[in-house]
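Note sheet for the following structure.
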Amino acid sequence: MSMNDHGPQGVMTPGPGIEPQLTPVAPMDAQALREAFGRFPSGVIAVCAMVDDRPVGMAVSSFTSVSLTPPLVSVCMQTSSRTWPKLRQRPRLGLSVLGEQQGEVCRALAGAEENRFAEVHWETTGEGAVVLPGAVTWYTCTLRAELPAGDHTIALLEIDRLWTLASAEPLVFHGSRFRRLGDGDRSAVPA
């Protein structure tokens, strides 16, 4: 579809050799919106810290680099999260960009709060941030601001330190499945 070819009422028309497959949906159809958002591939981030001498954390897929100077990233959490209120009070948070072999870790961190770290290997920094071995990148961050955004909260985090494993590949979430990067690789495993 050509991004510049607009038909009647601003509807996009297909480019040469492309069949139109657009199905209009009502703007308030939450399931259709969720499916549309799922068409954009994203990494999976673990946001974790020590709370009362135990690791607390969750998996999020809404992660964005924001600024190089100062070094800022953002993550988005549902306002109904019971985990974020515990994490937001910590002086340092650990962000782990999960690696392609960490699908089970992601499932655990998205599961029941009391069991999230039962079989997840983790490490803590001296400042209480929790990071996960096997991740492609670790950040330790400080919460700088929060912004309400509908049914989510956007957290703006300033990066204090980072570690990267250059040879590791990230876990990719797309179309409700975990996928791997690769040249022409279209393999997928169930999420």
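The values are calculated or read from the model by the stated rules, or taken from the named source; none is laboratory data. Keep in mind that this is a model prediction, so the values were computed, not measured. Neighbour counts run over all protein chains shown; Cβ positions are idealised from the backbone, glycine included. Note: accessible area is taken over every heavy atom of the protein model, side chains too, but ligands, DNA and RNA are not part of it. Shrake-Rupley method; radii C 1.70, N 1.55, O 1.52, S 1.80 Å.
Tell me, what % of the accessible area of segment 63-156 is carbon and sulfur with a 1.4 angstrom probe?
On segment 63-156, the fraction of accessible area on carbon and sulfur atoms equals 53 percent.
Sorted by packing (mean other beta-carbon atoms within 10 Å per residue), highest first, where do 61-70, 120-129 land?
My ranking of the peptides, most packed first, is 120-129, 61-70.
Measuring with a 1.4 Å probe in the full set of protein chains, what accessible area per residue, in whole Å², belongs to segment 60-176?
53 Å²
Scattering from the C-alpha atoms of segment 106-145 alone, worked out with Debye: what is log10 I(q)/I(0) at q = 0.26 1/Å?
-1.02
Packing-wise, with mean Cβ within 10 Å as the measure, how do 99-112, 142-155 rank, highest first?
Answer by packing, highest mean first, reads 99-112, 142-155.
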